[in-house]
Amino acid sequence: MDKLRKISSSSMYGDTVFCSHESFVSAMERFITSVDRMNHAVMVPSKLHDLEDNQDTRSVSSMSSDDGSYMGTNLYDSYRMLVRAKEDMVWGVSEDNKNPNDPIEIQFRHHLQQLQHMLHQFSDLAEHISNRYKIDSGLDE
């Protein structure tokens with residue numbers, strides 16, 4: 001049970017969801033929290049233009065896309081990309097940023113939209129199964 005994480009849920013049943021630290025939900029929560037902390041720490045984002053990223057690029061290679069597009073971006077561009085990614089996850093794709101230029105941002109947005117589409121389909125299927133079961137069991141009110 002120590003590998004499980006308690007995530008509060010606002011479902012209609014008031015359920016509390018337990019999930020693994022390796023789950024998608026846990027990763028998403030960590031990402032959103034990290035970006036929020038970054039936003040609180042970076043009070044003047046434009047100052048990131050003046051800072052050099054002295055971190056060895058090999059240590060951030062796990063964050064790069066297959067084509068290495070993360071490599072060579074400056075801290076300000078990375079900051080903006082992370083903020084936009086979080087906004088896309090929380091609020092949906094914004095109208096004013098429908099056409100990103102960065103290949104990794106394009107990939108992220110594509111995969112996010114595909115995941116969102118699949119989750120909507122799965123939700124529709126779960127609702128269909130629930131409704132069908134209620135009807136067949138005489139539980140439909």
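Please specify each residue of region 15-45 satisfying the condition of being surrounded by fewer than 11 Cβ atoms within 10 Å (Cβ to Cβ) and either among the aliphatic types (A, V, I, L, M) or modelled with pLDDT of 95 or more (or both).
Once the filter is applied, which keeps residues that are surrounded by fewer than 11 Cβ atoms within 10 Å (Cβ to Cβ) and either among the aliphatic types (A, V, I, L, M) or modelled with pLDDT of 95 or more (or both), region 15-45 yields Arg37, His40, Ala41, Met43, Val44.
Quick one: how many residues across region 92-127 are closer than 23 Å to Val25 by Cβ and assigned to a helix (DSSP H, G or I)?
23
List every residue pair whose Cβ atoms lie under 8 Å apart, where the two residues are 6 or more positions apart in sequence or sit on different chains, the first residue falls within region 112-140 and is on the phi < 0 side of the Ramachandran plot, and the second residue, located anywhere, is assigned to a helix (DSSP H, G or I) and acidic (Asp, Glu).
Pairs that qualify, where the first residue is on the phi < 0 side of the Ramachandran plot and the partner is assigned to a helix (DSSP H, G or I) and acidic (Asp, Glu), are Leu112/Asp88.
For region 46-81, what are the residues that are modelled with pLDDT of 60 or more and exposed (fewer than 12 other Cβ atoms within 10 Å of the Cβ)?
Ser46, Lys47, His49, Asp50, Leu51, Glu52, Asn54, Gln55
Quick check on region 23-49: of everything there that is assigned to a helix (DSSP H, G or I) and small (Gly, Ala, Ser), which residue is farthest from the chain's Cα centre (by Cα)?
Ser46
Out of the residues in region 128-141 meeting the condition of being among the aliphatic types (A, V, I, L, M) and assigned to a helix (DSSP H, G or I), tell me which one is farthest from the chain's Cα centre (by Cα).
Here the residue is Ile135.
Please state which of the following conditions Asp124 fails to meet, knowing it meets all the rest: (1) modelled with pLDDT under 95; (2) within 27 Å of Phe18 (Cβ to Cβ).
Only one criterion in (1) modelled with pLDDT under 95; (2) within 27 Å of Phe18 (Cβ to Cβ) is unmet by Asp124, namely (1).
For the subset of region 82-100 comprising residues that are more than 17 Å from Ser34 (Cβ to Cβ) and modelled with pLDDT of 80 or more, which member is surrounded by the most Cβ atoms within 10 Å (Cβ to Cβ)?
Among those that are more than 17 Å from Ser34 (Cβ to Cβ) and modelled with pLDDT of 80 or more, it is Val93.
The values are calculated or read from the model by the stated rules, or taken from the named source; none is laboratory data. All values reported here derive from a predicted model rather than from experimental measurement. Positions of Cβ are backbone-derived with ideal geometry, glycine not excepted, and every protein chain shown enters the neighbour counts.
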